[in-house]
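Participant: Below: one structure in structure tokens.
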Amino acid sequence: MDIFIKAVERAAKERRSGSAGYSEETGLVVVPGLRRVKSLQEIEYTETPVEHLCVPAAHPVNTYTRNGELAPSVHAYNILRTRILQRLERNGWNLLALTSPARGNGKTTTAVNLAISIARSTTHSALLVDLDLRRPSIHGHFGFDPAQGVTDLVCGRGTFQQVAFNPGIQRLTVLPGREKVAHSSEFLSSSNMQQFVQDVRERYPKRIVIFDMPPVLGGADVLSFLPSVQACLLVLEAGRTTRDELREATKALQQSTVIGTVLNRGVVEKGATY
């Protein structure tokens, strides 16, 4: 834990370095600031309904510098994708949950961009599932207003084809949230949810399933659900995540398989880096 704290503090002092990278010492992937992307080439997709939507504001695909090179954020997510896929494949896993100590750490932004990056790898498909049931927001990143959500699917009120959508990115499927769930921790540990997770795990072995979870310190939701998945990724934000929050989050997740940590800065003004 002290290694992570020192890495966060070191990154805060190097915000102007403009680099993205991976630390072998901490397993920490550093993601620099991102800027808005305004368009997306339409890609034909089958099976899942296609919604030709706007690229998420924080999505780095096709983002270039003035010199025509890929932006640092693209490299950061490619590093993250590669490290995650290597670890998952080595263990035969395909279920990954993302959480953070508190809200505002860039957790959902990271989940969205990681799912898109995996889908663009050509070797895997990605399923992005919104399980932040107290504040579902993934659909908003794509500018989509769902008629049904993942809770409808899990409870048998809708089919996968009715609930899921493809945002115009090949090999990416999204299961959005729709409404808040009052007893979310009970729902996440229910037999219906366990059956749902088993189904998505076994149906497509080459599909990486990314579950966007609520903050681990915000209630019992994350700890109720983590026994159903194989791995967890912890998202922090430089200058925002406190030492106490990191300490408490690490303690809460000590029985879970945390395979990495992302140090995120979220969306910043164009040209700003750390």
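Participant: Of a type in the set (Asp, Glu) and assigned to a helix (DSSP H, G or I): does that describe GLU186?
Facilitator: So GLU186 passes the test.
Participant: Still on this model: Restricting the search to segment 134-147, which residues are in contact (Cβ under 8 Å) with a residue 60 or more places away in the chain and within 19 Å of GLN162 (Cα to Cα)?
Facilitator: Answer for segment 134-147, where residues must be in contact (Cβ under 8 Å) with a residue 60 or more places away in the chain and within 19 Å of GLN162 (Cα to Cα): ILE138, PHE142, GLY143, PHE144.
Participant: Kindly indicate whether PRO214 is in a loop (DSSP other than H, G, I, E, B), closer than 23 Å to TYR77 by Cβ and not charged (D, E, K, R).
Facilitator: Judged against the criteria, PRO214 is a match.
Computed from the coordinates by the stated procedures, all read-outs in this text should not be read as laboratory data. Quick caveat: nothing in here was measured; it's all calculated off a predicted structure. Every residue, glycine among them, receives a Cβ derived from its backbone with ideal geometry; neighbour counts consider all protein chains shown.
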